[in-house]
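Bear in mind these aren't lab numbers, they're just calculated from the coordinates by the rules spelled out. As the structure is a prediction and not an experimental result, all values here were calculated from the model. Cβ coordinates were reconstructed from backbone atoms using ideal geometry, including for glycine residues, and neighbour counts include every protein chain displayed.
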Amino acid sequence: MRRLLIGLTAGAVLAAATACGSSDSSGSDDKDKASGGTTTIKVGVIPIVDVAPMYLGEKKGFYSKRGIKLSLTSAQGGAAIVPGVVADQFDFGFSNTTSLLIARSKNVPVKAVANGVASTGKQKADFAELAVKKGSPLKSAKDVEGKKVAVNTLNNICDTSVNESVRKDGGDPSEVKFVEMPFDQMPAALAGGQVDAACVVEPALATIKSQGGTSIASLFVDVSPDLTVAMYFTSERYAQKNPGMVKKFQEATAESLEYADSHPEEVREIITTYTKIPDTLLEQLTLPRWPAEPDRASIERLAELGQQDGLFDKAPDLDKLLP
Amino acid sequence: MRGANALLGASGLAAFLALGEAVPRLGVVDEDYFPPTSRIADAFATELADEAFWTALGDTLTGWALGLVIAVTAGILAGVLISVTPYLREATASTIEFLRPIPSVALIPLAVLLYGTELRSVLLLVVYASFWQVLVQVMYGVQDVDPVAEETARSYGLGTWARIRHVLWPTALPYVMTGVRLAAAVALILAVTAELVIGAPGLGARIAVAQTSQAVPEMYALVVVTGLLGLLINVGARTVERRALAWHQSVRGEVAV
């Protein structure tokens with residue numbers, strides 16, 4: 001027994017020693033990120049329509065001509081992207097504006113660097129709507145009082161915007177019952193009667209419409225016609241260390257956004273490369289707008305509403321968040 | 001006997017597929033959200049023709065296999081070590097019982113913080129979930145060692161290593177194989193779940209993309225793939241088990257009947 005223990009102890013010590021050795025030598029391999037003048041940057045995105053400009057911009061060479069090679073990783077929503085960026089797993093990430101405001105109000109060191117996606121500003125023709133199923137008795141935002149409304153995340157952009165739509169329609173938002181579920185399950189939940197209305201985005205919105213469902217309010221337009229719905233962001237640490245790279249990323253993204261905004265057919269085409277949206281839905285999608293710059297006034301409005309709805313105690317410092 | 005079993009199994013599956021075709025066709029559930037078997041089969045065929053599908057399958061199998069090898073190796077080593085060292089057994093018993101029931105998926109935020117959406121995140125979850133399956137089985141197996149055989153070995157002057165090799169290991173092996181078989185199934189479930197939730201490349205991430213894309217038949221086709229994979233892994237694990245335990249009465253008994 002004693003011999004076995006001695007052997008094991010020796011083995012453990014040896015293992016610990018080699019582990020230390022390998023971590024010592026791996027301390028200086030950061031340089032291999034940059035090779036031949038191009039730098040690979042990792043961006044955490046979501047496999048949805050909104051991030052099409054990034055894929056399009058990469059294809060068009062807007063990034064490569066600035067020495068950037070994009071490595072796009074489709075993560076499943078903010079649950080992976082915000083911590084991923086803060087923990088340096090991603091250099092940049094994509095997140096909705098309210099999530100960034102909440103993060104900032106909790107002093108999570110995130111910094112928006114580029115616009116992500118914006119509302120179309122057109123009533124009943126936005127890429128996100130408060131939708132009901134075919135034949136629903138609900139006709140306008142006020143009617144969801146006392147009803148169940150599906151949102152993808154509680155206490156986030158969907159419920160504050162629904163609240164605003166209800167308020168503008170003369171209703172009492174505190175009466176609305178919100179239910180959390182992923183966007184892709186909302187069409188089935190509406191059809192099955194589990195919820196009465198849903199804050200839903202494309203392509204689930206197109207599915208609902210194809211089955212005769214309708215929109216009863218354009219919640220993002222109600223907040224602000226130019227609402228900046230999502231932005232690309234990085235961590236404060238990355239921004240301080242790599243100001244040059246942030247600037248290049250901003251320029252390339254602005255160019256990509258502008259290009260996507262004026263080439264909707266190419267956008268629909270690029271979407272098929274990273275999503276599996278069926279052809280029948282693809283043509284019916286309402287594309288968002290992609291302005292080159294975030295709209296500060298609309299973000300201020302979103303922050304006010306968030307504060308009003310108790311998402312954060314004090315309004316986050318927009319100067320620290322915005323580029 | 002075997003042929004009859006296979007026939008029964010196949011007819012059961014056929015009945016299940018027929019039910020899958022009939023239920024949406026009869027309008028019991030909405031065809032848009034639960035497509036009939038034939039439409040899923042169509043999507044399945046399209047998947048098989050897609051190169052990206054095979055890459056995803058490879059990613060999932062890599063995560064599964066690596067995770068399983070790490071978990072089994074660590075489980076066997078730790079299990080034997082803890083079992084033959086009374087102090088260690090006393091010291092770790094309550095910790096093991098505390099850690100074992102923690103669902104691996106609860107560690108997803110930790111995995112993302114440490115490794116982002118890489119393979120290592122998947123491995124963390126897979127290894128955590130399947131390690132306990134092996135460890136606990138090994139510990140049960142070691143407890144099952146016949147004290148008379150153990151004492152006999154001691155009185156013949158066998159050293160610790162020889163006793164582990166000739167007395168402990170043959171007794172524990174059937175338990176170890178059970179642990180490995182359980183771990184193989186759990187590892188697959190966790191690999192797919194991790195990809196699905198975190199977005200690490202693999203079949204799970206592909207299912208997630210199909211979901212967010214409202215591509216319902218494609219999503220079910222991929223779910224079917226994971227089911228088939230589970231089936232194959234189970235058959236494979238049983239074959240390995242039978243080979244490794246060919247000398248053991250539980251397996252020899254099966255053949256005699």
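So if we plug the beta-carbon distance of B:LEU99 and A:ALA125 into 1/(1 + (r/R0)^6) with R0 = 51 Å, what FRET efficiency do we get, rounded to 0.05?
Computed FRET efficiency for B:LEU99 and A:ALA125 comes out at 0.45.
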The stretch A:154-280 - Rg over Rh from alpha carbon coordinates, Kirkwood radius
1.04
Give me the base-10 log of I(q)/I(0) for the stretch B:1-139 at each q in 0.16, 0.19, 0.20 Å⁻¹, Debye formula, one uniform scatterer per Cα, rounded to two decimals.
-0.99, -1.05, -1.08
Taking 0.36 nm per intervening residue step and subtracting the Cα-Cα distance, what contour gain separates A:SER174 from A:LYS314 on full extension?
48.4 nm
Among B:137-149, A:186-198, A:225-237, the order from most to least packed when residues are scored by Cβ within 10 Å on average
A:225-237, A:186-198, B:137-149
Can you give the average number of partner chain beta-carbon atoms within 10 Å of each beta-carbon in peptide B:196-203, as a whole number?
4
Could you size up the charge dipole of the stretch A:237-323 around its Cα centre, putting +1 on the beta carbon of Lys and Arg and -1 on that of Asp and Glu, and report it in debye to the nearest 20?
520
Pair A:GLU304, B:LEU61: separation of 7 Å Cα→Cβ label points (nm):
5.9
What is the extension gain from A:SER262 to A:LYS148, computed as 0.36 nm multiplied by their sequence separation minus the C-alpha to C-alpha distance, in nm to one decimal?
37.3 nm
Under a Cβ-only charge scheme (Lys and Arg +1, Asp and Glu -1), can you give me the dipole magnitude of the protein assembly as shown about the Cα centre, in debye to the nearest 20?
1640
Peptide ranges A:170-180, A:81-91 listed from the most packed, as the mean C-beta count within 10 angstrom indicates
A:81-91, A:170-180
Please give the residues of the stretch B:204-224, grouped as numeric ranges, whose backbone N is less than 14 Å from a label point set 7 Å along the Cα-to-Cβ vector of B:ASP32.
B:214-217
Based on the alpha carbon coordinates of the stretch B:74-137, what radius of gyration and maximum Cα-Cα distance (Dmax) apply, in Å?
13.4, 40
Footprinting proxy, A:SER298, A:SER165, B:SER38: sorted fewest to most Cβ within 10 Å, the residues are B:SER38, A:SER298, A:SER165
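Which three numbers, in whole Å and largest first, are the semi-axes of the equivalent ellipsoid of chain B derived from its Cα gyration tensor as √(5λ)?
Working: eigenvalues 334, 123, 39 Å².
Over the Cα atoms of chain B, the ellipsoid semi-axes are 41, 25, 14 Å.
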A:SER74 long-range amide H proximity, modeled H, under 5 Å
A:VAL45
Counting each DSSP H run of 4 or more residues in chain A as -39500 (n - 2.57), what helix-only mean residue ellipticity at 222 nm follows after dividing by all residues, to the nearest 500 deg cm²/dmol?
-12500 deg cm²/dmol
To check my understanding: the extent here is largest minus smallest coordinate of the Cα atoms along each principal axis. What are those three numbers for chain A, in Å, largest first?
78, 57, 42
Given charges at Cβ of Lys, Arg, Asp, Glu: chain A dipole, positive-most of A:GLN240, A:ILE271, A:ASN156
A:GLN240
Treat every Asp and Glu Cβ in the stretch A:76-200 as -1 and every Lys and Arg Cβ as +1, leave all other atoms uncharged, and give the resulting dipole magnitude about the Cα centre to the nearest 20 debye.
240
Counting partner chain Cβ atoms within 10 Å of every residue's Cβ in B:212-224, what's the average?
5
What residues from the stretch A:180-213 fall in the zone where the backbone N is under 17 Å from a label point 7 Å along the Cα-to-C-beta line of B:LEU19?
none
Between beta-carbons, use under 14 Å as the cut-off and find the net charge around B:LEU107, counting Lys and Arg +1, Asp and Glu -1.
+2
Degrees separating the helix B:2-25 axis from the principal Cα axis of chain B, which is the longest one
40
Among A:ALA260, A:PRO288, A:SER64, which residue has its Cα furthest toward the positive end of the charge dipole of chain A, with +1 on Lys/Arg Cβ and -1 on Asp/Glu Cβ?
A:SER64
How compact and how long is the stretch A:206-250, expressed as Rg and Dmax of its alpha-carbon atoms in Å?
18.5, 52
Relative contact order (percent) for chain B, with alpha-carbon contacts under 8 angstrom and 6 or more residues of separation?
23
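Starting from the Cα gyration tensor of the stretch B:96-224, take the square roots of the eigenvalues, sort them a ≥ b ≥ c, and report rounded, prolate or oblate (rounded when a/c is under 1.5, otherwise prolate if a/b is larger than b/c, else oblate).
Note, shape of the stretch B:96-224 comes out prolate.
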Taking a quarter of the surface of the Cα convex hull of the protein assembly as shown, what do you get in nm²?
32.2
Which of B:PHE44, B:PHE98, B:PHE131 fluctuates most in a GNM of chain B (C-alpha springs under 10 Å)? That residue is B:PHE98
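Kindly flag which residue pairs out of A:LYS139/A:LYS168; A:LYS177/A:LYS320; A:LYS69/A:LYS122 have an alpha-carbon separation exceeding 24 Å in this structure.
A:LYS177/A:LYS320; A:LYS69/A:LYS122
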13 Å Cα-Cα reach of A:LYS111 towards aspartates and glutamates, excluding residues that sit fewer than 8 places from it in its own chain
A:ASP91, A:GLU236, A:ASP317, A:ASP319
Compute for the stretch B:1-74: radius of gyration divided by Kirkwood radius, i.e. Rg/Rh, restricted to C-alpha atoms, rounded to two decimals.
1.15
Projected onto the charge dipole of chain B (+1 at Lys/Arg Cβ, -1 at Asp/Glu Cβ, origin at the Cα centre), which of B:PRO101, B:LEU114, B:ILE82 gives the Cα projection farthest towards the positive end?
B:ILE82
